[in-house]
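Here's the structure we're looking at; comments come further down.
The values are calculated or read from the model by the stated rules, or taken from the named source; none is laboratory data. Every value quoted in this text rests on a predicted model; they were computed, and no experiment measured them. Here the Cβ is made from the backbone with ideal geometry for all residues, glycine too, and neighbour counts use every protein chain on show. What goes into the accessible areas is simple: the full protein's heavy atoms, side chains included, and nothing from ligands, DNA or RNA. Shrake-Rupley method; radii C 1.70, N 1.55, O 1.52, S 1.80 Å.
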Amino acid sequence: MKVFLGLYLVVFFGYLLGPLVIMSITGFNSPGFPRAAPWECLTFEWFDVLYNDKRIVNGIQNSLIIGIGTVILSVVMGMAGSLVLTQIWPKLRATYYTIVIAPILIPGVVLGISTLVFWDRINVMLGFTSDSFLHNGIFLTILGQSTFIASYCMLVFVARLQRFDVGLTEAALDLGATNVQAFRKILLPFLKPAIGSAAVLAFLASFENYNTTTFTFGKYPTLTIELAQKVRYGINPSISTLAFLIVVLTIVGALSHEIYQRRKQLALANGAPVGAVTGGFQLPKLLRGNPAAIVMVILAVGGFSTIWFASVYSPEACKIEVREEKRAHQQQLIDQIKQQQIEREQQKLQKGPDIFGADKNPAGTLESPGKGSFGSVFDPQNLDKAGPEGSTAPSSANPGAGAFGSVFDTQNLKKQTESGN
Amino acid sequence: MGAGVGVELKDVWIRFGDFVAVREANVNIEGGSFFSFLGPSGCGKTTILRAVSGFLEPSDGQVLIGGKDMAGIGPNKRPTALIFQNLALFPLMKVWENITFSLEVQGIGAADRRKRADELLEMIALTGQGDKLPSELSGGQKQRVAIARALCAQPDVLLLDEPLSALDLKLRQHMRTELRQIQQRVGITFIYITHDQGEALTMSDRVAVMRHGIIDQISDGQSIYDDPSTPFVASFVGENNVFRGKVKSVENGMAVVSTNRTGDLRARIGGAAKNNLKAGDEAMIFIRPEAFSIATDTGNTGNQVKALVTNEEFEGQAYNVFLEGDEGKQIKMSLVNQGKVRSSSMGKDMTLEYDPEQATVLPKGELASE
Ligand SMILES: Nc1ncnc2c1ncn2[C@@H]1O[C@H](COP(=O)(O)OP(=O)(O)O)[C@@H](O)[C@H]1O
Ligand SMILES: [Mg+2]
């Protein structure tokens with residue numbers, strides 16, 4: 001039983017986290033196409049590439065601006081929506097709820113298109129030119145995303161409001177508060193945790209949104225848009241390093257939240273005021289029985305040592321070595337294939353035309369440097385035909401790494417060697 | 001008394017849809033007095049209080065505070081402060097901030113508020129506890145904070161909605177005295193709501209007894225107890241033995257009722273029935289347990305009840321003797337403990353007698369337990 005449970009957990013977490021781990025590893029491997037195996041050289045150059053990639057950096061900037069705008073708009077609209085829900089005539093409540101929740105169920109693509117069309121109409125009606133702010137990508141994206149993110153926020157607020165004692169507002173009114181004062185001093189502080197959750201939720205939803213944004217971004221592509229475009233035109237491991245950074249940030253964020261919560265619980269359990277425990281950094285006590293904190297410390301140590309290592313370590317030596325190795329291997333391969341071709345020519349001459357030359361060529365399959373089955377099929381073609389055609393065909397046909405990695409490599413190496421890098 | 005601000009309800013009806021929560025309430029509450037609404041849960045007490053504090057408008061009729069019609073005036077503009085049934089202390093504010101909330105919304109600075117809070121904390125015997133959160137206080141302490149918070153607003157009328165119901169017995173009795181003292185000290189009108197007749201009788205100048213939306217009787221505590229005006233009041237306030245029957249004769253404010261099993265019983269006609277009860281009417285006789293004594297001369301009729309003793313219990317200040325009464329209901333008699341050893345009369349017939357002046361005849365009506 002225990003064994004099965006363990007196995008299940010391994011499979012489960014492998015399924016959840018495996019892709020992230022693999023992707024992170026590819027960010028530290030030197031080949032120009034992201035892949036984890038075969039491992040060549042440990043490198044940090046992709047972080048540099050990422051940092052110097054104007055489009056990515058710009059995309060992050062736009063994503064942040066849009067994210068902040070969406071948070072503000074969605075949280076305000078979500079809160080207003082949830083408050084109306086508590087005030088509305090009970091018979092209308094269910095209908096109202098359905099209407100306000102509907103945007104979550106509508107496909108993001110539809111929301112994107114309708115936002116675009118709607119504001120374009122408004123723009124025309126108001127007689128503005130096509131470069132007015134109503135056509136601004138940031139403006140449209142914030143509005144478009146907020147249409148459904150506000151509904152998420154509303155759900156968060158509704159959950160919190162259900163636990164609110166209306167008597168508290170009444171008590172405030174009874175003591176002479178105006179409605180605005182009662183809202184500001186009683187309801188708003190009560191909703192504060194929900195505001196935090198809704199803001200985080202809204203930001204994440206905005207940051208990762210693609211299908212609505214793709215219609216509205218105009219001149220301001222967000223990170224997701226940039227990434228999608230990159231994938232379309234071929235990617236390099238700097239994307240993996242970005243993924244790695246995002247994963248690390250998420251883990252650090254989640255862990256610090258967890259630690260804060262634990263401390264607070266600890267404080268309450270001990271009957272001490274919260275500030276007394278959350279105020280100072282009390283590592284030893286904190287570490288006791290707190291796995292989250294331990295992981296955090298390990299992560300921090302790991303992070304620092306990585307940075308230190310990165311500043312000292314240079315992958316150049318390793319790379320040259322690998323390159324030499326590859327070149328030798330490549331040469332060998334080329335020779336081999338040429339040899340085979342010659343043999344084949346001879347066979348053709350003997351047996352007449354053969355359509356599937358590669359099929360009858362077990363040697364190629366076995367000895368191709370990549371593992372993928374495609375590799376061997378394409379290999380001879382690539383060598384026959386000119387380079388560029390061979391490289392575009394597989395990358396658009398098959399975005400997987402393993403399957404056509406070898407093709408890429410041969411190409412790259414060939415070019416590199418030719419240019420005498 | 002008389003100096004404070006009075007409250008008046010004139011023909012007040014309160015309806016929720018088809019449901020009538022308060023029916024034709026006419027109440028005149030003298031300024032500076034301690035007035036209680038007493039009634040079982042769900043009879044509309046809170047609803048009346050909410051109409052006075054402004055959280056709901058009567059469907060019909062008027063609420064006047066200090067002679068002024070309150071129609072259209074919101075709760076934050078009325079000179080009332082309400083102590084909620086669940087107290088409704090602000091959980092995220094410290095005790096002193098809770099107490100001075102009414103000052104905060106007037107824009108009074110923190111230093112002044114703190115000073116006022118400390119004065120009030122001293123009054124409610126919670127000196128030095130101002131920086132705690134409400135969740136860190138005990139039930140009785142929360143109670144007092146709620147009172148201080150309401151008093152801090154300097155209302156003309158303080159409304160209290162079953163404020164002691166969540167406390168344990170000892171604390172409840174202590175807080176009764178304390179509340180009464182506070183009321184006498186500050187001299188404002190208190191309107192107090194409770195389903196506990198002990199609270200209503202001990203604290204109030206006047207009590208209104210309610211039964212599902214209807215006010216049956218408004219009177220001082222003693223009149224309510226000694227001279228109930230309806231069978232409901234008679235059975236709800238204090239303990240009472242009930243005997244049913246038909247009126248046989250009426251004279252000089254006294255009536256003789258022939259009961260099914262206990263024979264003829266004589267008693268004073270109570271409440272508004274004095275002038276219109278006549279022979280042949282269905283009636284009920286109410287005799288308090290302490291009004292009974294053991295008959296010395298068993299020959300009399302009209303003020304004696306003979307029944308089988310089924311149970312006896314010793315309660316400290318009293319012996320309770322239970323006898324088999326009408327329709328399976330038991331008759332209870334309480335004898336003051338005078339320190340003499342009594343011999344048991346279990347299983348024997350016993351004849352009880354009472355003073356007809358202390359018993360009440362009322363036209364047949366609804367009882368509290370029914
Ligand atoms: N807002 C409301 N809507 C409908 N019915 C209500 C409302 N408030 C109170 N009632 C009803 O009015 C009656 C009296 O309630 P309430 O005044 O709270 O009784 P209590 O005497 O226990 O304080 C109850 O039957 C209750 O169900
Ligand atoms: Mg109530």
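Starting from the Kirkwood radius over alpha-carbon pairs of the range A:198-268, derive D by Stokes-Einstein at 10 °C in a medium of 1.306 mPa s and give it in µm² s⁻¹. The Stokes-Einstein estimate is 108 µm²/s. Which listed residue (B:Ile65, B:Thr127, A:Leu268) has the Cα farthest towards the positive end of the charge dipole for the protein assembly as shown, taking +1 on Lys and Arg C-beta and -1 on Asp and Glu C-beta about the Cα centre? Looking along the dipole axis, the top candidate is A:Leu268. In terms of its C-alpha gyration tensor, the range A:1-152 has an oblate overall shape, because the principal axis ratio a/c (a ≥ b ≥ c, square roots of the eigenvalues) is not below 1.5 and a/b does not outweigh b/c. Relative to the longest principal axis of the Cα atoms of chain B, helix B:139-152 runs at roughly 60 degrees. For B:Lys278, a cut-off of 17 angstrom between C-alpha atoms picks up these lysines, skipping any fewer than 8 places away in its own chain: B:Lys246, B:Lys248, B:Lys364.
Here the 3J(HN,Hα) profile of the range A:189-204, calculated from phi with Karplus coefficients 6.51, -1.76 and 1.60 at θ = phi - 60°, is x, 5, 7, 3, x, 5, 4, x, 4, 5, 5, 4, 4, 5, 5, 5 Hz, Gly and Pro shown as x. Electrostatic bookkeeping for B:Glu199 treats Lys and Arg as +1 and Asp and Glu as -1; over the other residues with beta carbon under 13 Å from its beta carbon, the sum is 0.
Charge tally for B:Asp131 (other residues, Cβ to Cβ under 12 Å; Lys, Arg +1; Asp, Glu -1): 0. Taking a ≥ b ≥ c as the square roots of the eigenvalues of the Cα gyration tensor of the range A:178-219, is the shape rounded (a/c under 1.5), prolate (a/b larger than b/c) or oblate? Cα axes put the range A:178-219 in the prolate bin.
Surface calculation, 1.4 Å probe, protein heavy atoms: A:Glu208 sits at approximately 130 Å² accessible. Only Lys, Arg, Asp and Glu carry charge here, each on its Cβ (+1 for the first two, -1 for the last two); on that basis the range B:278-365 has a dipole of about 100 debye about its Cα centre.
Each part gets one Cα centre, and for the range A:198-272 versus the range B:158-214 those centres are 58 Å apart. A Förster radius of 60 Å combined with the Cβ-Cβ distance from A:Met1 to A:Ile342 puts the calculated FRET efficiency at roughly 0.45. Each 10 Å bin from zero holds the following percent of Cα-Cα pairs in the range A:156-235: 16, 29, 18, 17, 14, 5, 1. In terms of accessible area, using a 1.4 Å probe and ignoring ligands and nucleic acids, A:His135, B:His212, B:His195 rank largest first as B:His212, B:His195, A:His135.
For the range B:239-363, what % of the accessible area comes from carbon and sulfur atoms, probe 1.4 Å? It is 47 percent, rounded to a whole number. Ranked from largest to smallest solvent-accessible area, with a 1.4 Å probe on the protein heavy atoms, A:Val295, B:Val20, A:Val180 come out as A:Val180, A:Val295, B:Val20.
Taking every DSSP helix (H) stretch of at least 4 residues in the protein assembly as shown, weighting each as -39,500 (n - 2.57) and dividing the sum by the residue count yields a mean residue ellipticity at 222 nm of -16500 deg cm²/dmol.
Residues whose amide H lies under 5 Å from that of B:Gln330, counting only those 5 or more places away or on a different chain, are B:Gly325; hydrogens are built 1.01 Å from N in the peptide plane.
Annotation: amide H-H contacts under 5 Å for B:Gly61 (H modelled 1.01 Å from N, sequence separation of 5 or more, or interchain): B:Trp13.
Chains B and A together bury roughly 1600 Å² of accessible surface, counting both sides and using a 1.4 Å probe on protein heavy atoms.
Across chain B the C-alpha pair distances fall into 10 Å bins from zero in the proportions 5, 21, 25, 21, 15, 9, 3, 0 percent. Note on the range B:88-150: Kirkwood radius taken over Cα pairs, Stokes-Einstein applied at 20 °C and 1.002 mPa s, translational D equal to 191 µm² s⁻¹.
Each part reduced to its alpha carbon centroid, the range B:57-111 and the range A:130-197 end up 25 Å apart. Heavy atoms of the protein chains alone define the surface here; on that basis the range B:239-363 has 52 Å² accessible area per residue at 1.4 Å probe size.
Legend: residues in the range B:50-92 shielded by at least 20 square angstrom of accessible surface upon adding the remaining protein chains to the isolated chain (1.4 Å probe, heavy atoms) are B:Arg50, B:Phe55, B:Pro75, B:Asn76, B:Phe84, B:Asn86, B:Ala88, B:Phe90, B:Pro91, B:Leu92. In plain terms, if you count all Cα to Cα distances in the protein assembly as shown and split them into 10 Å steps from zero, the share in each step is 2, 9, 13, 14, 13, 12, 10, 8, 7, 6, 4, 3, 1, 0, 0 percent.
Over 28 Å apart at the Cα level, from the set B:Lys77/B:Lys142; A:Lys91/B:Lys68; B:Lys115/B:Lys170, are A:Lys91/B:Lys68; B:Lys115/B:Lys170.
Judged by the ratio a/c of the largest to the smallest principal axis of the C-alpha gyration tensor, the range A:5-82 counts as oblate, that ratio being 1.5 or greater while a/b is no larger than b/c.
Cross-link reach is defined here as a Cα-Cα straight distance under 26 Å, omitting same-chain residues fewer than 8 places apart; for B:Lys340 the lysines meeting it are B:Lys306, B:Lys332, B:Lys348. In order along the range B:156-171, phi translates into HN-Hα couplings of 7, 10, 9, 10, 10, 9, 6, x, 9, 5, 8, 8, 7, 3, 4, 5 Hz, rounded to whole numbers, per the Karplus curve 6.51 cos²θ - 1.76 cosθ + 1.60 with θ = phi - 60° and x for Gly and Pro.
Considering only C-alpha atoms, what is the centroid distance from the range B:286-339 to the range A:73-114, in Å? Cα centres, the range B:286-339 to the range A:73-114: 69 Å. Over the Cα atoms of the range A:54-236, the radius of gyration divided by the Kirkwood radius equals 1.06; this is the Rg/Rh ratio. For the range B:239-363, the ratio of Cα radius of gyration to the globular rule of thumb 2.2 N^0.38 Å stands at 1.07. In summary, the lysines within cross-link reach of A:Lys326, defined as a Cα separation below 28 angstrom excluding same-chain residues under 8 places away, comprise A:Lys230, A:Lys338, A:Lys360, A:Lys371, A:Lys385, A:Lys414, A:Lys415. Per-residue surface analysis assigns B:Glu353 an accessible area of about 40 Å², computed on protein heavy atoms at 1.4 Å probe radius. Counting only protein chain heavy atoms and rolling a 1.4 Å probe, the accessible areas of A:Ser151, B:Ser344 rank, largest first, as B:Ser344, A:Ser151.
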